[in-house]
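J.: Below is the structure I would like to discuss, written out as C-alpha cells.
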Protein chains: 2
Amino acid sequence: MTDVAIIGSGPAGLSAAVNARARGASAVVYGRDPATSALYRAPALLNHLGAGGRPGGELLREYIAEAEAAGVAFERGRVSQIITGGVSFGIIMGSEFFQAKTVVIASGGGAAKTVPGEERFVGKGVSYCATCDGALYRGRDVAIVAETDEAREDAELLARMCRRVYYVDKIGKGLPGERSNVEFVPGDVSGVSGGEYVEKVEVGSSQIAVDAVFFIRPVVPVSGFIFGLAVDPSGAIAVGRSMETSIPGVFACGDAAGKPYQLSKAIGEGLVAGQSAARYNSV
Amino acid sequence: MTDVAIIGSGPAGLSAAVNARARGASAVVYGRDPATSALYRAPALLNHLGAGGRPGGELLREYIAEAEAAGVAFERGRVSQIITGGVSFGIIMGSEFFQAKTVVIASGGGAAKTVPGEERFVGKGVSYCATCDGALYRGRDVAIVAETDEAREDAELLARMCRRVYYVDKIGKGLPGERSNVEFVPGDVSGVSGGEYVEKVEVGSSQIAVDAVFFIRPVVPVSGFIFGLAVDPSGAIAVGRSMETSIPGVFACGDAAGKPYQLSKAIGEGLVAGQSAARYNSV
C-alpha cells in the first residue's frame with residue numbers, strides 16, 4: 001500500500017510527491033498526460049521567482065524529472081473515484097484499483113464548473129467515467145458531454161452497450177467511427193433534471209430524455225470525486241493551514257484548493273500537503 | 001506613498017513584491033542585508049521544485065535580480081515599528097519614516113522566540129531599537145541583548161546617553177571601543193520583570209535592576225512590531241486563505257505566518273499576499 005497517493009500530475013501534485021518522499025514516505029502520482037496541466041500551456045512564467053520567464057512546458061518537464069529522481073512513482077490515467085475506507089483509501093482509475101494510506105488532491109481548478117443539477121445526481125445518473133458506469137445503462141438512452149479526447153472512445157464504448165447515445169461535442173472533433181445509434185447534439189449542456197434519478201438533460205433550448213449523462217472532462221469535479229469533502233463558497237476544496245480537508249487523511253493543494261491559480265501557490269501548497277500527509281502516516 | 005510595503009527581503013517578501021508589481025502596484029521591500037535570510041544559509045535546495053539542489057545564496061541573488069527587473073524598490077535597514085493609521089500605515093526604520101497603503105509582513109521566523117515577560121513590557125521598557133528609544137532612558141540604567149552585529153553600535157550609542165549599560169553578548173564579538181559604563185554580563189536573558197514598567201532583567205541566575213531592555217535581534221518579534229496583530233497558538237501571525245491578518249490592509253506570508261519554514265511555502269504565500277495587497281489597494 002502506498003503511503004501517499006497524489007491525485008494530479010501538475011506542479012502542486014509534483015511538489016507534494018517530492019516532499020512526501022523527502023520525509024521518507026512512498027508516493028505515487030495518479031494523473032493524466034502532463035500536457036493536460038494548466039502549467040503546460042503557459043507561454044512564459046513571469047511571476048514565479050526563479051522561473052525567469054521560461055515556458056510552462058519546459059518547467060513541467062524539469063519538475064517531472066526532479067520527481068522521478070526523488071523516487072516518485074507515476075500511474076497514468078484518469079482517476080474517477082476515491083473511496084474513503086476506515087484505515088485506508090481506494091483509488092479507482094479506469095479498471096484499476098489502488099490503495100493508499102493518505103490522499104493528496106491536486107487535481108487542478110475548474111472544480112466548480114458544474115451545470116445546474118449535476119451535483120445532485122452524482123451516482124444517480126451523472127457519471128464521469130464510461131468505463132466504470134457504462135454497463136449500468138445497457139439498453140438505455142444516455143448522453144455524453146465530450147470535453148476531452150477521451151470522450152471519443154468513451155462514446156464508442158457507450159454506443160456498443162446503450163440504445164441511444166446523444167453526443168454533445170464540445171471539442172469539435174467528431175467520432176472515430178460511425179454508429180447509427182449516436183446522435184450529435186449541437187449546443188452546450190445547461191442542466192440535468194429528474195426525480196430521484198436523472199430523467200432529462202437540457203442542451204441549448206431542448207430537453208432530451210435520458211437515464212444517464214456522462215461528463216468527460218479534463219478535471220472531475222471534486223463533488224463527484226470523493227464523497228463528503230467540504231468545499232468553500234467558490235466550490236474549491238476547503239483547507240486549513242496544513243492543507244488538511246474535512247476528511248482526516250485527505251489533503252488538498254494547488255488550484256483544487258482555490259484561487260489564485262498560480263504556479264508559486266501550487267508549489268508552496270504542494271509542499272505543505274506532502275509534508276502533512278507524510279506526517280499523518282508516521283503518527 | 002507606496003502601494004505595498006513589504007517588510008522582509010527573503011523569498012516570501014520578494015515573491016510578494018514581484019506579484020504586487022505584476023498587478024500594477026508600487027512595491028518597496030524594507031529589509032536587512034539579504035545574507036540575513038534563512039535561505040541565504042541553505043547549502044542546497046533539494047525539495048523546492050525547480051531549484052535542482054542549488055545553494056540558497058545563489059537562488060536569493062537570482063530572486064533579487066528578478067525583483068529589481070520587475071521594478072521593486074529596496075530600502076535597506078531594520079524596521080522597528082509599523083504604525084497602523086486610519087487610511088495608511090507608517091513604517092519606522094532607524095530614523096526614517098515611510099508611508100504605505102498596505103503592508104505585507106514577510107519578516108521570517110523566530111517570531112515566537114521571546115523571553116518570559118518580554119511581550120508584556122513592549123513599549124514599557126522593552127525596546128527593539130536603540131536609535132528610536134535610547135533617548136527615553138537618558139541617565140538611566142539599561143540592558144542590551146546583542147544577537148546581531150548592529151547591537152555593538154547600539155551599545156555605543158546607549159553608553160553615550162545612559163548611566164550604565166549591561167551588555168549581554170550573545171554574538172561573542174565584544175565592543176568596538178571601550179567604555180567605563182558598559183558592563184559585560186555572561187549568560188543568557190531568561191526573563192523581564194517589573195510592575196507597570198520594566199524593573200529587572202534576569203540573566204542566568206542573577207537579577208539586574210534596569211529601566212529598559214533593548215533586544216537587538218535579527219527578527220523583531222511580531223508582538224513588538226505592530227500593535228494588535230493576532231497570532232496563532234505557535235506565536236506565528238494568524239492568516240486566512242488570502243494571507244490576510246487580523247488588521248485590514250496588513251497581510252503576512254512565509255515563515256512569519258508559521259511552519260513549515262520552507263522555500264516553496266514562502267514563495268507561494270508571498271504570491272498570494274502580494275496579489276491580495278494589490279487588490280486591497282484597488283478596491
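J.: Being in a helix (DSSP H, G or I) and within 18 Å of residue B:196 (Cα to Cα) is the filter here, so list the residues in the stretch B:118-151 that pass it.
T.: B:119, B:120, B:121, B:133, B:136, B:137
J.: Next up: Being under 28 Å from residue B:12 (Cα atoms), without any contact (Cβ under 8 Å) to a residue 40 or more places away in the chain and not assigned by TED's automatic domain parsing to the domain that holds residue B:267, is that true of even one residue in the stretch B:135-142?
T.: no
J.: Kindly evaluate residue B:213 against the criterion of being closer than 30 Å to residue B:35 by Cα and either open to solvent by less than 50 Å² (accessible area, probe 1.4 Å) or not in a strand (DSSP E or B) (or both).
T.: Yes: the conditions hold for residue B:213.
J.: Mind listing whichever residues of the stretch B:1-41 are in a loop (DSSP other than H, G, I, E, B), open to solvent by 30 Å² or more (accessible area, probe 1.4 Å) and more than 10 Å from chain A (Cβ to nearest Cβ)?
T.: Correct list: B:1, B:24, B:26, B:32, B:33, B:38.
J.: I would also like to ask the following. Yes or no: the stretch A:247-254 includes at least one residue that is away from chain B (no Cβ under 14 Å) and open to solvent by 10 Å² or more (accessible area, probe 1.4 Å).
T.: Scanning the stretch A:247-254 turns up at least one residue that is away from chain B (no Cβ under 14 Å) and open to solvent by 10 Å² or more (accessible area, probe 1.4 Å).
J.: Tell me, please, whether a residue that is of a type outside the set (Ser, Thr, Tyr), within 11 Å of chain A (Cβ to nearest Cβ) and free of Cβ contacts under 8 Å to residues at least 40 places away in the same chain can be found in the stretch B:67-74.
T.: yes
J.: Of the residues A:177, A:109, A:139, which is over 14 Å from residue A:214 (Cβ atoms) and within 20 Å of the chain's Cα centre (by Cα)?
T.: One residue alone meets the criteria, A:109.
J.: If you go through the stretch A:152-207, how many residues are hydroxyl-bearing (Ser, Thr, Tyr) and assigned to a strand (DSSP E or B)?
T.: Matching residues across the stretch A:152-207 total 5.
J.: For the subset of the stretch B:43-66 comprising residues that are under 19 Å from residue A:270 (Cβ atoms) and aliphatic (A, V, I, L, M), which member is nearest to the other protein chains (Cβ to nearest Cβ)?
T.: Once the filter is applied, the top-ranked residue is B:49.
J.: Condition first: among the small types (Gly, Ala, Ser), open to solvent by less than 50 Å² (accessible area, probe 1.4 Å) and either within 23 Å of residue B:11 (Cα to Cα) or without any contact (Cβ under 8 Å) to a residue 40 or more places away in the chain (or both). Now tell me which residues in the stretch B:101-133 satisfy that.
T.: B:106, B:107, B:108, B:109, B:110, B:111, listed by residue number.
The values are calculated or read from the model by the stated rules, or taken from the named source; none is laboratory data. Source: prediction; values computed, not measured. Quick reminder, even Gly has a Cβ in these numbers, built from the backbone with ideal geometry, and neighbours come from all protein chains shown. What goes into the accessible areas is simple: the full protein's heavy atoms, side chains included, and nothing from ligands, DNA or RNA. Shrake-Rupley method; radii C 1.70, N 1.55, O 1.52, S 1.80 Å.
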